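Here's the structure, in structure tokens; my notes come after.
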Amino acid sequence: MNINLPNFNVKNLVKEAGSTLSRVVQLTEEKLGTTERTEYDTEFQNLAERADVTKTWTEKIVRDTESVLIPNPQNRVEDFIFEKIEKSKPQRLSNLEHLALAMIEAGGDFGQDLPYGQALIKVGQAEQKLGQCERDFIATSGICFTQPLRKFLDGEMKTITKERGILETKRLDLDACKNRVKKARSMLGQQNKDGISPEAVLEQAERDLRVAQSEFDRQSEITKLLLEGISTSQASHLRHLHAFVETQVRYYKQCTDVMNNLQRELARLGGPTPYAPINLNEEENTNANSANVNRRHPTDVNADQMRRARVLCSYDAKDHTELNLNANEVIFVTECSPINADYMYGKQGLLKGLVPRAFLEMLDDESFGNSSY
């Protein structure tokens, strides 16, 4: 029975088996410390160490970012499988979207004409918007950050790892050839073995060494060029990181806008207007000076004497006693009692708190006598 294997070559197979055995022997002797090995130069070692650090931390950053974007491990596994089989991912509702649907349905059952039912529907609709913002954030973050980093790991870094493996093989071959040359030289002047003179053995060993050295040098240059490319990759990763931060900024701003609009809509519906209490422990009370206490605790405010004021520019609250302000927003304010030269007491929908006087432009010369605004 004849078997035709066009790529099968007994000589090449024997040669490859001999090379593999030689590498194993060389590596074993290196581990035992019975032979020398060719060391890479300092620059190459530094490049290799930087590549290892880059690979390790990039893998961790990608894993941790994906854990933040998709906290459920099962969902991450499902997404990975669908990506591998090149099928679209299933459309899953997030926890926010499940909550939104529950609130909207409950509001309908409680009665859309009743305050609680109306409020539930409004909040549910806002949660739906937050869910969509979250979905867009996850998708955009994947495109601008995690996918490019994963592509780097699966492409460039995998190629570097492969070429480094080939280089290590060439290094083992080179050192094995060096040992054969050393052994052949020690045999000079001795009797012929197997009909081959020691001079011929040495000549063949030196020829093999020159070939091995050439292949090692060539592979070393290839690998070094790839390792040097890590700097360019990190510059690209920096751009992706900036894009990720911009995506986060846009996402949180969208969420803030949704919740601010929700607060205004709830305020128009009416209902309770709770004022968050300020909790200071004894140490804070002891150390706070009188001016700071007056700023934090308006002892009395003219809540029935509110005036309209336009916010000149945005302001971020320093603590929970103050209000966040958006430029050109119109709010209602009144004087603190005792009067504070730096702050006024403001009302923003359901929210109440201190607002810096310098950020306000008064629109009404006369106060409103109704505090229901």
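More than 34 Å from the chain's Cα centre (by Cα), at pLDDT below 75 and of a type in the set (A, V, I, L, M): does that describe Leu5?
So Leu5 fits the description; yes.
Results for (1) modelled with pLDDT under 80; (2) exposed (fewer than 13 other Cβ atoms within 10 Å of the Cβ); (3) in a helix (DSSP H, G or I), shown as yes or no for each residue.
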residue: Val14; (1), (2), (3): yes, yes, yes
residue: Val25; (1), (2), (3): yes, no, yes
residue: Thr28; (1), (2), (3): no, yes, yes
residue: Thr34; (1), (2), (3): yes, yes, no
residue: Glu43; (1), (2), (3): no, yes, yes
residue: Lys55; (1), (2), (3): no, no, yes
residue: Leu101; (1), (2), (3): no, no, yes
residue: Ile104; (1), (2), (3): no, no, yes
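Quick check: anything in the range 290-305 charged (D, E, K, R), at pLDDT 90 or above and either loosely packed, with under 15 Cβ neighbours inside 10 Å or over 14 Å from Arg357 (Cβ atoms) (or both)?
Scanning the range 290-305, I find no residue that is charged (D, E, K, R), at pLDDT 90 or above and either loosely packed, with under 15 Cβ neighbours inside 10 Å or over 14 Å from Arg357 (Cβ atoms) (or both), so the answer is no.
Suppose we filter Asp208, Asp257, Asp217 for residues that are part of a helix (DSSP H, G or I), outside the structural domain of Asp113 (by TED's automatic domain parsing) and out of contact with any strand residue (DSSP E or B) (no Cβ under 7 Å at 6 or more places or on another chain); which single one remains?
Asp257
Which ones in the range 330-349 are crowded, with 16+ Cβ neighbours inside 10 Å and within 25 Å of Gly270 (Cβ to Cβ)?
Ile331, Phe332, Val333, Thr334, Met344, Tyr345, Gly346, Lys347, Gln348, Gly349
With Thr223, Thr247 as the choices, which residue is assigned to a helix (DSSP H, G or I), surrounded by 14 or more Cβ atoms within 10 Å (Cβ to Cβ), at pLDDT 90 or above and in contact with a Ser or Thr (Cβ under 7 Å, 6 or more places away or on another chain)?
Checking each option against the conditions leaves just Thr247.
Can you name the strands (runs of 3 or more DSSP E) wholly within the range 314-369 that have at least 1 residues being among the β-branched types (Val, Ile, Thr) and farther than 24 Å from Lys253 by Cα?
330-334
Given the condition among the small types (Gly, Ala, Ser), assigned to a helix (DSSP H, G or I) and in contact (Cβ under 8 Å) with a residue 24 or more places away in the chain, answer yes or no: does some residue in the range 107-116 qualify?
Within the range 107-116, not a single residue is among the small types (Gly, Ala, Ser), assigned to a helix (DSSP H, G or I) and in contact (Cβ under 8 Å) with a residue 24 or more places away in the chain.
Considering every residue within the range 194-207, establish whether at least one is touching a residue at least 24 places away in the same chain (Cβ under 8 Å) and out of contact with any Asp or Glu (no Cβ under 8 Å at 6 or more places or on another chain).
yes
Can you tell me which residue among Leu153, Leu167 is in contact (Cβ under 8 Å) with a residue 60 or more places away in the chain and either assigned to a helix (DSSP H, G or I) or crowded, with 18+ Cβ neighbours inside 10 Å (or both)?
Answer to the selection: Leu153.
The values are calculated or read from the model by the stated rules, or taken from the named source; none is laboratory data. Note that the structure is a prediction, hence the values are computed from the model and not measured. No Cβ is skipped: glycine too gets one built from the backbone with ideal geometry, and neighbour counts run over all protein chains shown.
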